[in-house]
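Data first, discussion second: the structure below is written as structure tokens.
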Ligand code: KMH
Ligand code: ZN
């Protein structure tokens with residue numbers, strides 16, 4: 001019998017809280033834009049949609065569940081994609097703020113950040129001030145002295161409220177090798193169940209860099225700690241996005257694209273999230289890899305459906 005092709009799960013992170021509206025005219029910020037971009041990304045082949053919200057008035061990141069509720073039902077109605085709500089929000093939000101939307105929506109999947117760290121956005125200030133909205137420099141500057149706080153107690157709270165409470169499964173965001181050991185600790189305590197969906201996050205200033213050796217090392221250690229009990233995916237910030245996720249696919253992993261992680265497509269700005277999905281899709285097909293449907297992603301990751 002012919003060997004079944006391995007399927008690759010494409011996650012699309014549609015807007016995030018890292019980039020600011022003046023960096024790209026294509027970054028979706030209103031509920032209409034977020035819904036339209038998410039739906040187009042799903043139509044292009046994204047099985048999982050990783051979602052944040054933005055204040056429709058100025059594009060600033062917001063944790064307000066009422067804003068999430070302006071786009072979530074529309075996305076659910078138009079697609080079968082797995083909804084993944086961020087619990088990372090932004091490093092400037094409190095844990096309660098970060099959990100508010102997920103608590104209300106009780107999605108199939110949420111992100112879960114596996115450690116506290118510096119999370120610098122201030123290098124993005126190296127752009128002409130006149131390009132920037134008046135709130136942007138203050139917000140970016142604030143990340144110089146803010147810790148992205150994800151203590152062991154915070155992680156337990158998220159596991160308790162969302163995992164145990166609603167059967168939500170997680171995209172475990174690991175920004176460095178130590179975060180893999182933290183996840184293994186929660187596994188050893190019986191607080192998380194396989195299969196684990198581990199997102200290797202490369203290229204955030206404060207976390208591991210985008211060197212290919214780092215990706216190989218993250219996988220080596222994850223193999224050691226989790227054996228067959230995990231699936232990995234990769235996101236790489238900025239221009240490293242496509243090269244690193246291509247490497248991930250070649251290594252047997254899954255991929256994350258989206259304007260949350262990179263504003264680029266090739267040499268210029270990505271015109272949409274769907275453009276990035278289409279680009280990685282073409283690369284995957286060139287590698288003779290098949291793209292997983294949402295149903296296949298649900299089965300692979302044991303989601304509640
Ligand atoms: N912005 C990414 C580097 C989250 O939303 O919980 C990581 C992320 C975190 O997506
Ligand atoms: Zn995110």
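The values are calculated or read from the model by the stated rules, or taken from the named source; none is laboratory data. In this text the structure is predicted, and so the values were computed from the model without any measurement. Note that we place each Cβ from the backbone using ideal geometry, even for glycine, and neighbour counts take in every protein chain shown.
Residue under question is residue 268, and the condition is that it be more than 18 Å from the chain's Cα centre (by Cα), without any contact (Cβ under 8 Å) to a residue 24 or more places away in the chain and under 25 Å from residue 46 (Cα atoms); does it hold?
yes
Would the range 124-134 turn up any residue that is more than 18 Å from residue 199 (Cβ to Cβ), at pLDDT below 95 and within 14 Å of ligand 1 (Cβ to nearest atom)? Scanning the range 124-134 turns up at least one residue that is more than 18 Å from residue 199 (Cβ to Cβ), at pLDDT below 95 and within 14 Å of ligand 1 (Cβ to nearest atom). Taken together, the criteria exclude residue 115 from residues that are modelled with pLDDT of 95 or more, under 17 Å from residue 155 (Cα atoms), surrounded by 24 or more Cβ atoms within 10 Å (Cβ to Cβ) and within 16 Å of ligand 2 (Cβ to nearest atom). Reported count of residues in the range 151-189, each being more than 16 Å from the chain's Cα centre (by Cα), buried (at least 16 other Cβ atoms within 10 Å of the Cβ) and closer than 17 Å to residue 91 by Cβ, is 3. Residues that are closer than 25 Å to residue 56 by Cβ and assigned to a loop (DSSP other than H, G, I, E, B) within the range 109-165 comprise 119, 121, 127, 132, 133, 134, 135, 143, 146, listed in sequence order.
Quick test for you: out of 39, 85, pick the one residue that is crowded, with 24+ Cβ neighbours inside 10 Å and touching a residue at least 24 places away in the same chain (Cβ under 8 Å).
Numbers: 39 fails: crowded, with 24+ Cβ neighbours inside 10 Å.
Sole residue among the options that is crowded, with 24+ Cβ neighbours inside 10 Å and touching a residue at least 24 places away in the same chain (Cβ under 8 Å): 85.
Under the condition of being at pLDDT 95 or above and in a loop (DSSP other than H, G, I, E, B), which residue from the range 289-305 is farthest from the chain's Cα centre (by Cα)? Within the range 289-305, the match that is farthest from the chain's Cα centre (by Cα) is 289. Of all residues in the range 221-231, at least one satisfies being under 18 Å from the mean Cα position of the chain (by Cα) and within 19 Å of residue 196 (Cα to Cα).
Would you mind stating whether residue 30 is over 21 Å from residue 278 (Cα atoms) and more than 15 Å from ligand 2 (Cβ to nearest atom)? Give the steps one after another, and end with the answer.
Numbers: over 21 Å from residue 278 (Cα atoms): yes; more than 15 Å from ligand 2 (Cβ to nearest atom): yes.
Yes.
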